[in-house]
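Rule-based calculations on the coordinates, nothing more; no lab input. Every value quoted in this text rests on a predicted model; they were computed, and no experiment measured them. Note that we place each Cβ from the backbone using ideal geometry, even for glycine, and neighbour counts take in every protein chain shown.
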Amino acid sequence: MIRRLLLSDRGSQLFFGALLLLAIFVPLLNLGTAETSALHVPGYTVTLIGKYMTYALMAIAVDLIWGYCGILSLGHTAFFALGGYAMGMYLMRQIGTRGVYADPILPDFMVFLNWKELPWFWHGMDHFGVAMLMVVLAPGLLAYLFGWFAFRSRVTGVYLSIITQALTYALLLAFFRNEMGFGGNNGLTDFKELLGFDLQSQKTRIGLFLVTALILAISYALCRFIIASRLGRVIEAVRDAESRTRFIGYKVENVKLWLWTFSAILSGIAGALYVPQVGIINPGEFAPINSIEVVVWVAVGGRGTLYGAALGAFIVNYAKTYFTAALPEVWLYALGALFVGVTLFLPQGIVGLLSKLGSKRKAS
């Protein structure tokens, strides 16, 4: 039954197939071929694809609430960054005496800023289990509290979108402050190891790549299961006719709050996977433009499909990687033009266009 559910549409089949191919051939061509070989996948490409997969996970999280429930969030990178900071705190505690100042307890930036003792919220973060719990709790609790007030006040539409972006911007300003205890403008970096594995080792990077692919697949499966369930039908009813859904007896606020919190937790997990692969987390991850970019990924790929959101994340970020190197001064204009163009001419995104082309081909 589960297999039939996950592979019930062509898009999901292609998603899992592409993910399986990446999980098999990227490690094989990285570790199993010589660097001089034309088939060799270099280490930076492994890291780049791994980063794209974390973005795909966040895009799926946003598509879950926007595409299926009609909640347009312009602040989901707040949850992504909180998950990333939780992982970064764990990685910083693993450095120990190998830091610049060789302090066994305090991270280097705290020694530099003359901190005398470890802040209370850093205690326990040297344990992987505690850190992973915070990866879930930090974004989940913030999302729950925010959603509880917002949804029970029946804030919807553009007003909710603006408030979510204000939340992200407030966190950006807070995390920039040195006295917050999160590294200020520089953030957290110079990580050494994860669970005893050297983060500079290519085998460790491949391991992170495979873990990211696995969690992306599991998260996609969970989202598909939710959408295909009775709850999924209620979620779509809230999107299409919220007042009518409330009138027939459903607790619309509870549905929104649950889905919003679950989506935030997925984003936090994406952030936690992002940090050890990229090697840094700083307040720039809270930037409002980042949240807008996530919405662009979903719109370009095709919202309300899940796999379209993942596709959009890969396509837009690959284009960003290419154009920021080739044409750095026009990238932001290109991003804006892409979003406007898709909105006007491809309202269902790339997936919608491909579906129409496929239907025409069958009809002919």
Just grab the label-to-label distance for ASN114 and VAL158, each label 7 Å out from Cα along the Cβ direction, in nm (one decimal). 5.0
For segment 147-294, with only Lys/Arg (+1) and Asp/Glu (-1) charged at the beta-carbon, what is the dipole magnitude about the Cα centre, in debye rounded to 20? 700
How many nm is it between the label spots at LEU338 and ALA228, if each spot is 7 Å from the Cα in line with the beta carbon? 3.1
Of the cross-linked pairs LYS51/LYS203; LYS51/LYS192; LYS256/LYS356, which ones have a Cα-Cα span greater than 21 Å in the structure shown? LYS256/LYS356
On a full-extension model of 0.36 nm per residue, what is the gain between SER201 and LEU353, subtracting their alpha-carbon distance, rounded to one decimal in nm? 50.5 nm
Projected label distance in nm at MET132 and LEU14, using a 7 Å step from Cα toward the beta-carbon: 3.4
What does a probe at ALA221 reach in segment 234-264, counting residues whose amide N is under 20 Å from the point 7 Å along Cα→Cβ? 262-263
Under DSSP H, which helices of the chain have Cα atoms covering 27 Å or more of the helix axis and a Kyte-Doolittle average no less than 0.0? 10-31, 43-66, 128-152, 157-176, 202-228, 252-278, 307-326
Under unit Cβ charges (Lys, Arg +1; Asp, Glu -1), what dipole magnitude, rounded to 20 debye, does the chain have relative to its Cα centre? 1580
For segment 191-243 and segment 72-108, what is the centre-to-centre distance using only Cα atoms, to the nearest Å? 21
